[in-house]
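The block underneath contains the structure these notes are about, expressed in structure tokens.
The values are calculated or read from the model by the stated rules, or taken from the named source; none is laboratory data. This structure is a prediction, so every number in the text was calculated from the model and none was measured. Neighbour counts are summed over all protein chains in view; Cβ atoms, including those assigned to glycine, are modelled from backbone coordinates with ideal geometry. The area values use the complete protein model at the heavy-atom level, side chains included, leaving out ligands, DNA and RNA. Shrake-Rupley method; radii C 1.70, N 1.55, O 1.52, S 1.80 Å.
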Amino acid sequence: MPTSDDTISEYLTRYADSLKAFDAETAAGLWSTPGMIVNDRSSDVLESRDTMVDGLRQAYPIYQRLGLASVGFELLERRDLSDRLVLVRVRWLFFDAGGAQLTDTDSYYLLRDEDEAGMQACVCVETDAAQKLQELATARGVDLTAP
């Protein structure tokens, strides 16, 4: 039986909550290993949870400098590939402390239901995250290259 929309939404809610809390361990626990993140510039294979945690921790200061305080999402599309695999298109919504939307990004995720671990991301294809985060940084006068 294919994965339900409720199961997908519960997974995305947990992922959004981990990003909002800057909780790299929880976020990494929502990924299968190895995991892969693909964008216009690179394809990165994350071999272990430790590698995932390190990568997330490196990204969080950027989000903090941009004023990220909460994360929401819209499930835009889903395609069941098998009983355990589903491809989803997600729009992530990033908000500041006052609730104003900072930006949004669209990504595709290949998710797998892994029994005991539950839903896990296997692959993420980022379509516009780098561009939109750079636009936000420019608008806010934030240098993304600064530590």
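Quick notes
- Being at negative phi and within 14 Å of the chain's Cα centre (by Cα) holds for only one residue in Arg79, Arg14, Arg41, Arg65, and it is Arg14.
- Check on Thr26, open to solvent by 50 Å² or more (accessible area, probe 1.4 Å), under 15 Å from Gln120 (Cα atoms) and of a type in the set (Val, Ile, Thr): yes
- Residue within region 30-44 that is open to solvent by less than 70 Å² (accessible area, probe 1.4 Å), within 23 Å of Ala117 (Cα to Cα) and free of Cβ contacts under 8 Å to residues at least 24 places away in the same chain present: yes
- Boolean, Tyr15 is of a type in the set (Ser, Thr, Tyr), within 23 Å of Asp143 (Cβ to Cβ) and assigned to a helix (DSSP H, G or I): no
- Meets criteria (touching a residue at least 24 places away in the same chain (Cβ under 8 Å), open to solvent by 40 Å² or more (accessible area, probe 1.4 Å) and not basic (Lys, Arg)) for Leu76: yes
- Complete set of residues in region 39-74 that are over 18 Å from Ala28 (Cβ atoms) and in a strand (DSSP E or B): Ser43, Ser70, Gly72, Phe73, Glu74
- The set of residues in region 105-147 being closer than 24 Å to Thr26 by Cα, open to solvent by 20 Å² or more (accessible area, probe 1.4 Å) and assigned to a helix (DSSP H, G or I) consists of Asp115, Glu116, Ala117, Ala130, Leu133.
- Any hit, region 67-82, residues being among the acidic types (Asp, Glu), modelled with pLDDT under 95 and touching a strand residue (DSSP E or B) at 6+ places or on another chain (Cβ under 9 Å): no
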